[in-house]
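Heads up: the structure comes next, in structure tokens.
The values are calculated or read from the model by the stated rules, or taken from the named source; none is laboratory data. All values reported here derive from a predicted model rather than from experimental measurement. Heads up, the Cβs are rebuilt from the backbone with ideal geometry, glycines too, and the neighbour counts pull from every protein chain shown.
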């Protein structure tokens, strides 16, 4: 639905703006096109150009469109492969846009999936006639330059799926803008000022944090609004549902809370509504549950009382989470601060004036006394140097009061670095066979020791020569970001290419932290050698795994899916913090394709929705073994144990306790156990579309921990309830 809306409006804009090609290009603009071809490193859509190419009458191609009017290029649309890597280090985004702006008559500029990287230069405002700008699905980072607000003729602006961060500049001056798509970046937390003429507004998957602003009330032409996957808070204003033109509305996966009024009106044009994964309470309004077959409403994973309870949190969950959600500090008391500003400035002015007068009096007195002291100090100038000078004491950080996650981020890992081949050979003792830990589908893994004594793991992967430099640049950027509390994190890498031997593959060495305390399987399989994991420890470990998966999916771009998770790959450090190892590091295999998943794969029951739901399924398998204490070696054992849990859940508490790992007896609240079992079964659904998202997994596990904490604090530990 979302793609079709953007495509519809963009296609309409393109059709209305740009006529068919007429005339021939000037030699100057022909040279510019050849320069563009070179600067973007000859992508497939631009290959085959020569001195006889007639750019104004190219054959139809979905990946390239050039439209000419009166001997000038008025549209340039290039679409690369969705998996296009970042361009090489030789690429200069400044030089690229300097060249492009020489096409002075451009009305439509679309550069999608070309591997462009670097900050968007301010000189983009040289496009005087631009009406459509689409630079989505690249690696452009930094802030959006404020000069982008100077395009008075702009009707469509698409900057989606890049690495933009920070605040969005004021865009309310773009009075003709109909489509704005900033989705899939790191923008926020403040919302920008926008024009009221928007038809499509897409802000999904960013870091915007505020209440839904009142400016949306004036967007009378808005048909498509997507603000999902942000941090919007507070109640949902009723005007958002009754906007006269709204057809598609996605508010999912925010922190919106409160009860929806039962009598709120819905626009008759509203065809799709998603309010799932928020903190909403009360009943679903009657207009949402309209019997109209044309309207799709998704409301799962709130705390609503008149819908399917299996897909809702308990009411207490939303209450607790809503209390934890606070508005941004800078927005609190803004109005009162504005009212008092004049008074405060007046007081400050008076104080400053008084201080200045006192200072002048003191200065006069000091100067007079200095004259009298000159002779006394004439022969003793070292006296002031003998007076000890003390700097302001630095506050002592009490690490006991710093949150655990913050301590881990501060104390944890050394900075990411690029190693030399000498350092790699030295660490592994020239890849001595005794240091070989295992063979994986992506290559060998060795243990090693850095020169400072740190023990590490070194993964060796051979790559085809042709993969460099274009493929590797993207992977290296992602690789450097794979650092998280719940991952076996990447410390650095080394790339070795043998230029004198063209048939010898390039080798990349990935240096990872070493975790020596064993795997989760070790703790469950042989607790005589390890400590027995009680229920609170097991839930803390599983929520750590879930947060690690969430980081792989959303913490890097592009997300990392299909990680072949299993209980052997969950390592525990000395503090029993879970760390995912052997996840799908984004490197091409020896054949240049994605390496196949290894190990026990039990997702054959249907993983058509892709790697996200596959990882959720495998997480459910881990959770199943954590709850029962039984290790699963086959799909048959999985099906039998899952069925046993489903039956026990239906038969009641005593039966469910009987299938739980006996070693956790007396350490859990039954409500915590029941919720964990229910959610495990949901994760293991055969239909991927029925499995929860990883965000829903985390929310439910947090609930089990809240219930457990309340039960423990009431003195119930050691009893069974």
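A few remarks follow.
- Put simply, of 149, 115, 184 the only residue that is touching a strand residue (DSSP E or B) at 6+ places or on another chain (Cβ under 8 Å) and crowded, with 17+ Cβ neighbours inside 10 Å is 115.
- Residue ID - modelled with the lowest pLDDT, chosen from residues in segment 34-52 that are closer than 20 Å to residue 99 by Cα and over 39 Å from the mean Cα position of the chain (by Cα): 51
- Checklist (1) surrounded by 15 or more Cβ atoms within 10 Å (Cβ to Cβ); (2) assigned to a loop (DSSP other than H, G, I, E, B); (3) modelled with pLDDT of 85 or more applied to residue 76, failing item: (2)
- Matching residues in segment 298-311 - criterion: being within 25 Å of residue 204 (Cβ to Cβ) and either surrounded by 21 or more Cβ atoms within 10 Å (Cβ to Cβ) or touching a helix residue (DSSP H, G or I) at 6+ places or on another chain (Cβ under 8 Å) (or both): 299, 300, 301, 302, 303, 304
- In this structure, residue 163 does not satisfy being under 27 Å from the mean Cα position of the chain (by Cα), crowded, with 16+ Cβ neighbours inside 10 Å and either assigned by TED's automatic domain parsing to the domain that holds residue 145 or within 19 Å of residue 272 (Cα to Cα) (or both).
- Filter result (within 34 Å of the chain's Cα centre (by Cα), assigned to a helix (DSSP H, G or I) and at pLDDT below 50) within segment 297-336: 329, 330, 331, 334, 335
- In the condition set (1) modelled with pLDDT under 90; (2) closer than 21 Å to residue 476 by Cα, residue 573 is compliant with all but (2).
- Filter pass, residue 69 being at pLDDT 50 or above and surrounded by 14 or more Cβ atoms within 10 Å (Cβ to Cβ): yes
- Of all the listed residues (243, 214, 228, 210), the sole one being buried (at least 21 other Cβ atoms within 10 Å of the Cβ) and closer than 27 Å to residue 164 by Cα is 228.
- For segment 197-207, the set of residues classified as closer than 26 Å to residue 554 by Cα and crowded, with 17+ Cβ neighbours inside 10 Å consists of 200, 201, 202, 203, 204, 205, 206, listed by residue number.
- Subset tally (residues that are in contact with a helix residue (DSSP H, G or I) (Cβ under 7 Å, 6 or more places away or on another chain) and not in a helix (DSSP H, G or I)) for segment 646-666: 3
- Selection status of residue 106, part of a loop (DSSP other than H, G, I, E, B), out of contact with any helix residue (DSSP H, G or I) (no Cβ under 7 Å at 6 or more places or on another chain) and crowded, with 21+ Cβ neighbours inside 10 Å: yes
- Count of segment 627-643 residues which are in a helix (DSSP H, G or I) and exposed (fewer than 15 other Cβ atoms within 10 Å of the Cβ): 5
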